[in-house]
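Engineer: Mind having a look at this structure? Questions to follow.
Each value in this text was obtained by applying a stated rule to the coordinates, not by laboratory testing. Note that the structure is a prediction, hence the values are computed from the model and not measured. Here Cβ is always computed from backbone atoms with ideal geometry, including for glycine, and neighbour counts include all displayed protein chains.
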Amino acid sequence: MASAADGAPQPEAGIAREPEADIAIEVEGLRKQFGTHVVVDDLTMRVRRRQIYGFLGPNGSGKTTTIRMLCGLLTPDAGRGTCLGYDIRTEARRIRAKVGYMTQKFSLYADLSVRENLEFVARLYGVPRPEAAAAAAIARLGLEGRGKQLAGELSGGWKQRLALGACILPQPELLLLDEPTAGVDPQARREFWSEIHTLAAEGLTVLVSTHYMDEAERCHEIAYIAYGHLLAQGPVADVIAASGLTTVTVEAMGAGDSGPAMAALARELEARPGIDMVAPFGTRLHISGRGPQALDAALAPFRARPGLVFRADAPTLEDVFIDLMSRSKDNMT
Amino acid sequence: MSAGGFLSGGLFSGGFLRRVGAMVTKEFIQLQRDRVTFATMIMIPLLQLVLFGYAINTTPRNLPTAVLAHENTDATRAIVAALRNTDFFQFTRLATSEQEAEHLIRAGDVLFLVEIPAGFERALRRGEAPALLVAADATDPVASANALGALEGTVRTALRRERFVDAAGTAPFSITQHRRYNPAGTSQLNIVPGLLGTILTMTMLIFTALSVTREVERGTMESLLSMPINPVEIMLGKILPYVLVGIMQGVLILGAGMVLFAVPVEGSLTLLTIVTLLFITANLSVGYTFSTLAQNQLQAVQMSFMFFLPNILLSGFMFPFAGMPVWAQWISQCLPLTHYLRMVRGILLKGAGFTDLAPDIAALAALMLIAMAIAVARFRQTLD
Ligand SMILES: Nc1ncnc2c1ncn2[C@@H]1O[C@H](COP(=O)(O)OP(=O)(O)O)[C@@H](O)[C@H]1O
Ligand SMILES: [Mg+2]
């Protein structure tokens, strides 16, 4: 065979290729631009195996672009990296064989049935007995009875389930899921996440992008990316701790509609130096500042007001992200 | 990844046939689900064959004809009477001047102008075999070619009846032809082979031209590219189902041609099948190449059309190949239809064998391989 004759290194043939067996993804200085628009800039990250790694950021921040670079669908303009130990620039073919990529937009064949789509995937990956594998996947996904239905006719939640099923069918080592739960109802989201946790427990590494904050809490580690820059990464608690934010909540005492009063209070607070962020949470306001003393000083005149209860609190992930975003915006302009 | 990279690395590595097979199966299912396309594949050949086959009727009928007579003799009257009586021609008028006659033919009022020179009858009686001048508007080459033959017969019969000609009918006159606008003609049986080639060109081009762009536009390409399949496998998987479709169309057209138009098959049917397979694959490859170059389906259709037009105009289907300038002949050598037409006409009508056709077969194979090489090289394996 041609490949054996030219003596190319054959990782499968036994040459040790896993110095960092515990690392699934490691990239450094990744950069991608379309025309003059830099979409991902100097991105460095590391994902350990068997982790659920959340990739967060607002729309247009470069999540999809990064994921595409990881599986060789886009060529980075700068930087280097490996995915499952294979170079993302030169060994895309090997990466593809071991990665399941679920695209943001449904990308299975709408005019093939559920079963036909799964069989197609099984055949491409060389799964033994594709028909049986497809049937097993249908059972696992709870799609029994829908095998003959055209994929394009499924509802959003079922489509997403099918797409996940197609990704895990060839038993990949790494799942790249691009906003898998966008536009899916809460019940289906919950089931989806429990499935992902099961998969991680079985040994899969999962990188999942999302812009739902509550989903971040379900990840072992997270990375936050905005405007192409990676702003924070690590376990959720670490990210919150590292933010250096101090948060105080304030609540109005007594009955009655406190809404208008609280909105006025929020505007008033926001204008004070030392207060970086005010966000309403139900009947409460989250007030955050980067310096604890400055925050205290800023709040002092308000504490005396009757009918308001101040309480020290921990910042939420959302507080942290909003702060990170406004800081990075300041840096860029 | 370079074209050479996957050729050495993965083309014949394990699973090549399995992956092509998966692709073929998928394409077949999609094709079969797409009822409109499926119906079109059967209707296009039949409709076109019946439409063109009957519309392009090569037996001349009622061709408008004028006579410009420079003498008024029995011979003149006999010829005019004969033209009135035959179905081939429709005698419109007796022109009175050169200018009028010239205008009639240029304006398209008549397709034929029969000019009887002064002293025609006298020369006829003396056995000097005078010349009848016939100007033909040969923009419709098929009609004019056959009509010219018919004209000679008509005039001869008329003059014999008037006893200007002895019973033996030795050439008492000659016809000096002047074909205007288009100097050659083709025969009736050329049409079915020609249609076989053009219909196959059109349908095959369009089918594959849409195949890659369709996946890009529907968003399925991103998934496909992220799976372990290489460009050669994708290409073969997308071309092979349509080879079968093409063969089906070929059988349909040829069968209908034999039944409806009594097209003979003088040569080998096996050779015809092989040549047709090659031709189908060559066109599918060209279409697929467009598909890899185009940004969207509309562009792919436009490219196919740009390629289809010269195929029609320069291949010898509409206009005789021999009449074209050298540069046009060179262009036409690059068109699959040129070679295929020559071969099909050769096999069907002249009983040509493999050795007669070898250069055309080689040319067709070369065109196919070039198109495939471009397609594989140009296939975008990334979304960059
Ligand atoms: N192929 C492309 N060509 C040009 N611009 C692109 C392309 N893909 C993405 N972009 C731009 O890059 C930015 C980041 O996009 P994306 O990675 O999809 O963000 P996200 O997935 O985080 O929403 C967006 O502004 C988008 O318009
Ligand atoms: Mg995205």
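Engineer: When the Karplus curve 6.51 cos²θ - 1.76 cosθ + 1.60 is applied with θ = phi - 60°, which whole-Hz ³J(HN,Hα) does each residue of region B:24-35 get, with x for Gly and Pro?
Structural biologist: 4, 4, 4, 5, 4, 4, 4, 4, 6, 6, 7, 4
Engineer: Here's another thing I want to ask about it. Using θ = phi - 60° and the Karplus form 6.51 cos²θ - 1.76 cosθ + 1.60, what ³J(HN,Hα) does each residue of region A:35-44 get, whole Hz, x for Gly and Pro?
Structural biologist: My calculation for region A:35-44 gives x, 9, 7, 7, 9, 10, 10, 6, 8, 10 Hz in order.
Engineer: Additional query: Once you list every other residue whose beta carbon is under 13 Å from the beta carbon of residue A:59, what net charge do they have if Lys and Arg are +1 and Asp and Glu are -1? Intermediate results must be reported in sequence, preceding the final value.
Structural biologist: Working: positive: A:63; negative: A:178, A:179.
Value of the local net charge: -1.
Engineer: Here is a further query. For region A:244-314, calculate the relative contact order in percent as a whole number, restricting contacts to Cα pairs under 8 Å that are 6 or more residues apart.
Structural biologist: Numbers: 113 pairs, mean separation 32.9, N = 71.
Relative contact order, region A:244-314: 46 percent.
Engineer: Just to check, using Stokes-Einstein with a Kirkwood Rh over alpha carbon pairs, what's the diffusion coefficient of the protein assembly as shown at 37 °C and 0.692 mPa s in µm²/s?
Structural biologist: 102
Engineer: Once phi is turned into θ = phi - 60°, what whole-Hz ³J(HN,Hα) does the Karplus curve with 6.51, -1.76 and 1.60 give for every residue of region B:65-78, x standing for Gly and Pro?
Structural biologist: Per residue, the Karplus-derived 3J(HN,Hα) values read 9, 10, 10, 10, 9, 8, 8, 10, 10, 4, 4, 4, 5, 5 Hz.
Engineer: Oh, and also: Could you list which residues have their amide H under 5 Å from that of residue A:281, counting only those 5 or more apart in sequence or on another chain, with H placed in the peptide plane?
Structural biologist: A:286
Engineer: Report the residue, chosen from A:235, A:186, A:130, that carries the largest GNM mean-square fluctuation when chain A is represented by alpha-carbon nodes joined by springs under 10 Å.
Structural biologist: Comparing A:235, A:186, A:130 in the GNM, the peak value goes to A:186.
Engineer: Which value, in debye to the nearest 20, gives the size of the charge dipole of chain A about its Cα centre, when Lys and Arg are +1 and Asp and Glu are -1 at the Cβ? Write out the running numbers ahead of the final one.
Structural biologist: Numbers: 36 positive and 41 negative charges, 73 e Å.
Here the size comes out at about 360 debye.
Engineer: When chain A is modelled as a GNM with alpha-carbon springs shorter than 10 Å, which of A:215, A:251, A:116 fluctuates the most?
Structural biologist: Its mean-square fluctuation being the largest, the pick is A:251.
Engineer: Can you compute the FRET efficiency between residue B:16 and residue A:135 using 1/(1 + (r/R0)^6), with r the Cβ-Cβ distance and R0 = 22 Å? Round to the nearest 0.05.
Structural biologist: Details: r = 26 Å, r/R0 = 1.18.
Calculated value: 0.25.
Engineer: Treat every Asp and Glu Cβ in the protein assembly as shown as -1 and every Lys and Arg Cβ as +1, leave all other atoms uncharged, and give the resulting dipole magnitude about the Cα centre to the nearest 20 debye.
Structural biologist: With only Lys, Arg, Asp and Glu charged at Cβ, the dipole is about 1240 debye.
Engineer: Is there a simple number for the mean count of other chain Cβ atoms within 10 Å of the Cβ of residues in A:120-130, and what is it?
Structural biologist: Numbers: counts 7, 3, 1, 9, 12, 7, 6, 0, 0, 0, 3.
For this peptide, the per-residue mean of nearby foreign Cβ atoms is 4.
Engineer: Based on alpha-carbon positions alone, could you give the equivalent ellipsoid semi-axes of region A:217-269 from the gyration tensor, as √(5λ), descending, whole Å?
Structural biologist: In descending order, the three semi-axes are 34, 14, 11 Å.
Engineer: Lys/Arg Cβ at +1, Asp/Glu Cβ at -1, dipole of the protein assembly as shown taken about the Cα centre: which of A:52, B:298, A:279 is farthest positive-ward?
Structural biologist: Farthest towards the positive end: B:298.
Engineer: Picking from A:171, A:160, A:233, which is most flexible by a Gaussian network model of chain A using Cα springs under 10 Å?
Structural biologist: A:171
Engineer: Scan around residue B:175 for amide H atoms under 5 Å from its own, H built in the peptide plane at 1.01 Å from N, and keep only partners 5 or more places away or cross-chain.
Structural biologist: Sorted by chain and number, the residues that satisfy this are B:132.
Engineer: Same structure again: Counting other beta carbons within 10 Å of each residue's own, what order do B:368, B:204, B:324 fall into, fewest first? Walk me through the numbers on the way to the answer.
Structural biologist: Numbers: B:368 20, B:204 28, B:324 16.
So the residues, fewest neighbours to most, are B:324, B:368, B:204.
Engineer: On to the next question. Find, among the trypsin sites (Lys or Arg not before Pro) in region B:280-384, those assigned to loop by DSSP (not H, G, I, E, B) with at most 14 other beta-carbon atoms within 10 angstrom.
Structural biologist: Values: sites: B:342, B:345, B:350, B:378, B:380; in loops: B:380.
Passing both the DSSP loop test and the Cβ count: B:380.
Engineer: If N is the number of residues in region A:2-240, what value comes out of its Cα radius of gyration divided by 2.2 N^0.38 Å? Mind dumping the intermediate values first?
Structural biologist: On the way: Rg = 18.0 Å, N = 239, 2.2 N^0.38 = 17.6 Å.
For region A:2-240, the normalised Cα radius of gyration comes out at 1.02.
Engineer: Continuing with this model, one more query. How do B:267-280, A:102-115 rank on mean C-beta neighbours within 10 Å, highest first? Walk me through the numbers on the way to the answer.
Structural biologist: On the way: B:267-280: 18.5, A:102-115: 20.8.
Listed from highest to lowest mean packing, they are A:102-115, B:267-280.
Engineer: Search the structure for amide H atoms under 5 Å from the amide H of residue A:177, placed 1.01 Å from N in the peptide plane, and list their residues when 5 or more places away or on another chain.
Structural biologist: Here A:102, A:207, A:208, A:209 satisfy the definition.
Engineer: Then there is this: In degrees from 0 to 90, rounded to the nearest 10, what is the angle of the helix A:130-140 Cα long axis to the longest principal axis of chain A?
Structural biologist: 30
Engineer: Would you compute, from DSSP H runs of 4+ residues alone, the mean residue ellipticity of chain A at 222 nm, taking -39500 (n - 2.57) per run and dividing by the full residue count, rounded to the nearest 500?
Structural biologist: Details: 12 runs with 121 residues, N = 333.
Counting only the DSSP helices, I get -10500 deg cm²/dmol.
Engineer: Once you have the Cα-Cα distance between residue A:44 and residue A:194, take 0.36 nm times their residue separation minus that, and quote the gain in nm to one decimal.
Structural biologist: Working: separation 150, 0.36 × 150 = 54.00 nm, distance 2.86 nm.
Additional length available on full extension: 51.1 nm.
Engineer: Additional query: Under 30 Å between C-alpha atoms is the cut-off here; go through chain A and count lysine pairs that meet it, provided they're at least eight residues apart or on different chains.
Structural biologist: Close lysine pairs found across chain A: 14.
Engineer: Could you work out, residue by residue across B:20-26, how many beta carbons of other chains sit within 10 Å of that residue's beta carbon, and then give the average as an integer?
Structural biologist: On the way: counts 0, 1, 9, 3, 0, 6, 9.
The mean count of partner-chain Cβ atoms within 10 Å per residue comes to 4.
Engineer: Could you compute the net charge surrounding residue A:201? Neighbours are other residues with a C-beta less than 13 Å from the C-beta of residue A:201; K and R count +1, D and E count -1.
Structural biologist: Working: positive: A:49, A:50; negative: A:195, A:202.
It works out to a net charge of 0.
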